[in-house]
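Notes for the one structure printed next.
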Amino acid sequence: MFEKLKHRAGVVRTEYRHSNPDALSRVLYAASRIYSGAVTLRNSGFDKGILSVRRLPCPVVSIGNITAGGTGKTPMALYLARLMRQMGYRPAVISRGYRGKAEKAGAVVTDGYHLFADCATAGDEPFMMASVLKQVPVLVGRDRFQSGMRAVADFDSDVIILDDAFQHRRLHRDLDLVLLDAAHPLGNGHVLPRGSLREPASGLKRADAVILTRSQNREARESLPQMISGHAPVFRADHVPFLSGIHGQADCLEEKGISDHGDPGDLSFLGAARVFAFSGIARNQEFLNMLSGYVGSLTGFAEYPDHYCYSGRDLGKIEQKAIAESADCLMTTEKDYVRIAGRLPASLPLVVMGVEMRFLNNDESGFVALLRRKLLETKLETRS
């Protein structure tokens, strides 16, 4: 019921897009109050122990946010999985698999060595993680307890990373990480659909740590809610772009004197390129902002909704526009690439940008120390 209400709240704005502005404002206000009340009631049920919570037989770390989309949960999940491997743990990543065919029944996307599901089955973000992570199982399913038990039984996982699970309170977590955008931590301060908050800001009191993303050269434009002060440590991190790959007609760039020169991850070669970009992610503008520091000339940009399923016609139009603007190449994100792999435009090379999470200054050492302590405490509690 809660998921249906959440979905309904998300489409109210679209349904009334062409309405009278005053009428739209009243409808959004009313819908926001209803949604906020339902979420508050649900949270109260968990806080008072009325609604049951299930526990996995190993530590669980949740990555989530309090606003809708675009704070960097997927790069954070990748960072955590790799960090835990370095620590000697055997992590598994569990995702709902939003819009994937296996969302309801659940599925193993990868055992850490082989892919068992495609993008349509797993969902774009889980499939992308499964494609780049090594020796880390990735599973999807609406029932994340069932997925977690499967990871423990089949892959001997000793720590579970929950992707996008701050509001998924049916499963106990030992460390709740909440990501907030440094520029707009709480959006406009209103709950869906009037604003972008998934729940009232008071929900942040459940966070064990807050990570302000996109923090480089940027101060938070809003004061963090008082309930964070003195309760949860706040760390600052940034989204750092890198070259994920060049696909299709890569030799066309070399013929024009544009080459990555074999430097892994380096995007600076794009300073000599004319680029036509496209993306369908939660924060398309952020993708454009990242491009501005690398691209010599942006000839055009095609913007689509988050999780957009590109048709052959869409890709054809993108290619035609790029050619008409004399672009040297196309450019998109890793998340978009997994949705179009195998159906790439034929005439132009496609440059794919990835994003990694990087803590600022000395924040990483503090975050790693917190993670080590929480994992150790949970393992000791499990054994006793």
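The values are calculated or read from the model by the stated rules, or taken from the named source; none is laboratory data. Everything quoted here is computed from the prediction, not taken from an experiment. For neighbour counting, all protein chains shown are included, and Cβ atoms are generated from backbone atoms with ideal geometry for every residue, glycine included.
How many residues does the stretch 247-302 hold that are more than 28 Å from the chain's Cα centre (by Cα), surrounded by fewer than 19 Cβ atoms within 10 Å (Cβ to Cβ) and charged (D, E, K, R)? Summing the residues that are more than 28 Å from the chain's Cα centre (by Cα), surrounded by fewer than 19 Cβ atoms within 10 Å (Cβ to Cβ) and charged (D, E, K, R) in the stretch 247-302 gives 4. Contact map, the stretch 118-134: first residue more than 18 Å from S279 (Cα to Cα), second residue acidic (D, E) and assigned to a helix (DSSP H, G or I), Cβ cut-off under 8 Å, separation 6 or more or different chains; pairs are V132/E334.
The set of residues from the stretch 114-154 being buried (at least 19 other Cβ atoms within 10 Å of the Cβ) and outside any helix (DSSP H, G or I) comprises A117, G123, L133, V136, P137, V138, L139, V140, G141. With the condition kept exactly as written, say whether any residue in the stretch 298-321 is touching a Lys or Arg at 6+ places or on another chain (Cβ under 7 Å) and charged (D, E, K, R). So far as the stretch 298-321 goes, no, none of its residues is touching a Lys or Arg at 6+ places or on another chain (Cβ under 7 Å) and charged (D, E, K, R). Within the stretch 322-353, the residues that satisfy the criterion of being touching a Lys or Arg at 6+ places or on another chain (Cβ under 8 Å) and either without any contact (Cβ under 8 Å) to a residue 40 or more places away in the chain or among the charged types (D, E, K, R) (or both) are E325, D328.
For the stretch 50-62, the criterion of being under 25 Å from V338 (Cα atoms) and of a type outside the set (V, I, T) is satisfied by at least one residue. Of the candidates L197, L162, L179, the single residue that is aliphatic (A, V, I, L, M), surrounded by 23 or more Cβ atoms within 10 Å (Cβ to Cβ), in contact with a strand residue (DSSP E or B) (Cβ under 8 Å, 6 or more places away or on another chain) and closer than 12 Å to T71 by Cα is L179. If you go through the stretch 187-215 and keep only what is part of a loop (DSSP other than H, G, I, E, B) and either farther than 17 Å from Y29 by Cα or among the small types (G, A, S) (or both), you end up with G187, G189, G195, S196, A207, D208, R214, S215. For residues that are small (G, A, S) and under 19 Å from I246 (Cα atoms), scanning just the stretch 317-342, find the one that is surrounded by the most Cβ atoms within 10 Å (Cβ to Cβ). Within the stretch 317-342, the match that is surrounded by the most Cβ atoms within 10 Å (Cβ to Cβ) is A322. Name every residue in the stretch 216-258 that is of a type in the set (D, E) and either in a loop (DSSP other than H, G, I, E, B) or modelled with pLDDT under 90 (or both), in order of residue number. Listed by number, the residues that qualify are E219, E222, D251, E254, E255.
Listed conditions (1) at pLDDT 95 or above; (2) surrounded by fewer than 23 Cβ atoms within 10 Å (Cβ to Cβ); (3) not β-branched (V, I, T) are all met by S202, apart from (1). Entry remark, the stretch 15-62: residues being closer than 27 Å to A153 by Cβ and at pLDDT below 95 number 0 in total. Looking only at the stretch 68-113, residues that are in a loop (DSSP other than H, G, I, E, B) and on the phi < 0 side of the Ramachandran plot come to 14 in all. When the stretch 182-194 is limited to residues that are of a type in the set (G, A, S) and touching a strand residue (DSSP E or B) at 6+ places or on another chain (Cβ under 9 Å), the one that is surrounded by the fewest Cβ atoms within 10 Å (Cβ to Cβ) turns out to be G189. Among the residues of the stretch 338-379, the ones that are under 17 Å from G316 (Cβ atoms) and of a type in the set (S, T, Y) come to 1 in all.
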